[in-house]
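Coordinate-derived values only; no laboratory data. Quick caveat: nothing in here was measured; it's all calculated off a predicted structure. Reconstructed Cβ throughout: ideal geometry from the backbone, glycine too, with neighbour counts over all protein chains shown.
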Amino acid sequence: MSGATPFPIPRGFRFGAAIAGIKASGRPDFSLIVADEPASAAAAFTANRVIAAPLIVDKENLRASGGKVRVVAINAGNANCAAGQAGLDAARATCAAAARVFGCAPEEVFPSSTGVIGVPLPAEKLAAAMPGLAARLGGEQDHFLEVARAILTTDTMEKTAFARVHIDGAGAASGEIRIAALGKGSGMIDPQLVPHATMLVYVLTDAAIEPADLKTFLEPAIEKSFNRISVDGDMSTNDTVLLLASGASGVSVARGDRAFQGALTEVCTSLARQIVADGEGVSHVVELRITGAASDADALRVAKAIAHSPLVKTAWAGCDPNWGRLAAAIGYSGAQIDPARIDIQFGDLPICCDGGRAAEYDEAAAHAYLSQSEFSISIELHQGQGACVFWTTDLTVEYVHINADYST
């Protein structure tokens with residue numbers, strides 16, 4: 001899956017990136033993903049009520065186009081959020097410029113932005129860079145990786161994931177389809193994507209899938225991946241996941257196809273975990289495994305309470321096996337619990353049994369286990385069959401430095 005070589009780039013798309021002059025660093029900051037023909041689209045966006053201008057335009061355009069996208073235009077270095085009417089005008093100007101260059105309707109353009117909030121986006125810079133970039137687009141892995149790099153902000157590495165899937169169907173419906181995803185995200189990561197200025201994800205496939213069916217695949221994939229991660233508990237104004245299907249493989253995927261759903265979920269989960277691993281200032285990646293909750297929703301409540309606790313996260317940063325902080329977070333999570341029935345393990349190490357310190361508790365061993373760059377914490381609540389797996393991080397001094405100086 002992730003990191004496969006050669007990368008199985010989906011057919012029917014072209015990619016490229018350029019320097020438009022948005023990032024102060026002078027690095028590439030403007031990317032295009034262009035479908036040869038209008039692609040079926042399904043998208044999910046942040047649940048934050050302060051929402052960036054491009055997301056507003058994206059929703060309008062998807063409705064107007066019937067769920068079809070020809071051009072994805074992504075800028076980094078400016079979130080185009082909290083800019084009032086000027087922000088909406090900039091997003092629409094970007095769509096108009098792309099429509100002129102690629103001969104499509106403005107409603108078939110999907111703008112995205114990431115970066116600093118509250119600064120007007122100079123859309124004229126994107127429009128000026130677009131014709132030259134359009135002439136250099138390509139469908140090879142190098143072109144794909146150009147986009148993966150250019151969308152980064154405080155990220156330290158590009159994030160990609162890939163899959164090949166054989167679809168069994170009648171006659172021409174059988175064959176191989178490809179899935180490729182790229183994304184960015186490092187801080188301000190606690191996405192809650194709905195329908196249910198930091199995480200942007202673009203998932204592409206060359207399968208033939210209608211927009212309404214595409215949505216039924218995207219929603220469960222998101223629920224098990226991007227809605228199961230948190231770096232700092234802050235929800236961005238710009239979180240977006242876009243799934244595009246070009247149909248260029250000639251292989252149709254029917255609603256409910258398990259092979260495609262499994263591959264899509266695996267690709268999304270890989271990308272989600274990469275985002276957590278590249279969290280700002282992160283020194284530990286933590287997998288929380290919550291079982292025995294009264295419901296899956298309660299399991300998620302417990303995981304989020306733990307993942308968002310500064311006391312817990314700073315203990316992890318210091319490799320401190322202070323499990324009492326976990327117990328406290330479980331208690332205020334709002335989930336149904338019995339304090340006398342909580343069990344906690346660090347990996348295979350018993351830490352808490354029946355709400356108290358386990359008889360086998362070994363503080364030195366627990367400290368050594370938490371000293372690893374990645375570790376797992378299992379919590380059994382003994383309340384029912386609810387469960388979830390959630391990925392999060394510690395909270396370090398470096399995170400404070402990055403975010404204290406972000407806009408200056």
Kirkwood calc, the range 219-374, C-alpha pairs only, radius in angstrom 17.7 Å
For the range 361-369, 3J(HN,Hα) per residue [Karplus equation, 6.51 cos²θ - 1.76 cosθ + 1.60, θ = phi - 60°, Hz, x = Gly/Pro]:
4, 10, 4, 5, 5, 5, 4, 5, 5
Leading residue at positive end of dipole, the chain (Cβ point charges), from 372, 216, 139:
139
Arrange 346, 15 by Cβ neighbour counts within 10 Å, fewest through most, would you?
346, 15
Given a Förster radius of 25 Å and the C-beta distance between residue 255 and residue 176 as r, what FRET efficiency does 1/(1 + (r/R0)^6) yield to the nearest 0.05?
0.80
Would you please calculate the Kirkwood hydrodynamic radius of the range 2-79 over all C-alpha pairs and express it in Å, rounded to one decimal?
14.7 Å
Arrange the following residues from fewest to most other Cβ atoms within 10 Å of their Cβ: 157, 199, 130.
157, 130, 199
Per-residue HN-Hα couplings for the range 135-149, Karplus 6.51 cos²θ - 1.76 cosθ + 1.60 at θ = phi - 60°, whole Hz, x for Gly and Pro?
6, 10, 5, x, x, 8, 5, 5, 5, 4, 5, 4, 5, 4, 7
Using a Debye calculation, one point per C-alpha and no hydration shell, please list log10 I(q)/I(0) for the range 290-334 at q = 0.15, 0.17 Å⁻¹ in order.
-0.35, -0.44
Under the √(5λ) rule applied to the eigenvalues of the Cα gyration tensor, what semi-axes describe the equivalent ellipsoid of the range 285-404? Give them in Å, descending.
22, 18, 11
Charges only on Cβ, +1 for Lys and Arg, -1 for Asp and Glu: so what's the dipole of the range 30-106 about the Cα centre, in debye to the nearest 20?
140 debye
Might you report the magnitude of the Cβ-based charge dipole of the range 285-404 about its Cα centre, with Lys and Arg at +1 and Asp and Glu at -1, to the nearest 20 debye?
380 debye
What number, in percent, do you get for the relative contact order of the range 1-145 if the mean sequence gap of Cα pairs under 8 Å and at least 6 apart is divided by its residue count?
31 percent
Could you give the radius of gyration (one decimal) and Dmax (whole number) of the Cα atoms in the chain, in Å?
22.0, 71
Point-charge dipole on Cβ atoms (K/R +1, D/E -1) for the chain, about Cα centre, debye to 20:
1060 debye
Determine the relative contact order of the range 300-408: mean sequence separation of Cα pairs under 8 Å and six or more apart, normalised by residue count, in whole percent.
31 percent
For the range 85-189, what does the convex hull of the Cα positions come to per residue, in cubic angstrom?
168 Å³
Would you work out which of 162, 109, 253 lies farthest towards the positive end of the dipole of the chain, given +1 charges on the beta-carbon of Lys and Arg and -1 on that of Asp and Glu, about the Cα centre?
109
